[in-house]
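Q: Take this structure, written in structure tokens, and hold onto it; I'll ask about it next.
We did not get these values from a lab; they are worked out from the coordinates using the rules stated. For clarity, every value in this text was computed on a predicted model and none was experimentally measured. Methodologically, a virtual Cβ is constructed for each residue, glycine included, from the backbone with ideal geometry; neighbour enumeration extends over all protein chains shown.
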Amino acid sequence: MDLLVSLAEWLSPERLLEDPRSVEGGAYLSVAVALALIGILGALLSTRAQLLSRGNTLHEGLMRTYGTWLVWLAVFGLLATVVRYANAPFFSKRIWLALDLMAILGLAAYFVIYRLTTYRRDLERYHENLRAQRFRLASHPRPRRSRSGHRRR
């Protein structure tokens, strides 16, 4: 119960919006390291999606989308952490880092909800499209007209 009370005090609007003071302890450094790791993971997912997906274009698209979001959110969080250490008047408030962490958690929750609800249907559509492409009868290409049949101006 004490943990919930301390968490509520830490997330209270007065604390999040108060003027910056010196940075307390190594908590911000730990958050910065975690955000850097999240950013590296996101960069790998977005730039190397083709290698990691093993030719599955559905997975490749998901990796690029979520990886790009992770990179942007991690960069924003790192910027908020650096500004917090600099004690800038407006941008070093705790609210910016709290919003960034909530956005990362929201992105993770959105991915879990997508995975549990829509992913199976999208994967079935992907496999149906592959099957249709594999067994599609080759259409006969239209014969090209000869160049000599065109009128010249």
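Q: In what sequence, highest mean first, do 123-135, 49-61, 70-82 appear when ranked by Cβ atoms within 10 angstrom?
A: The most tightly packed comes first, giving 70-82, 49-61, 123-135.
Q: Let me ask something else about it. May I ask you to give the average projected area over all directions of the convex hull of the Cα atoms of the stretch 25-134, in nm² rounded to one decimal?
A: Spelled out: convex hull of the Cα atoms, projected over all directions, averaged, 7.9 nm².
Q: Mind putting a number on the dipole of the stretch 25-134 about its Cα centre? Charges go on the C-beta only, +1 for Lys and Arg and -1 for Asp and Glu, and I need it in Debye to the nearest 20.
A: 160 debye
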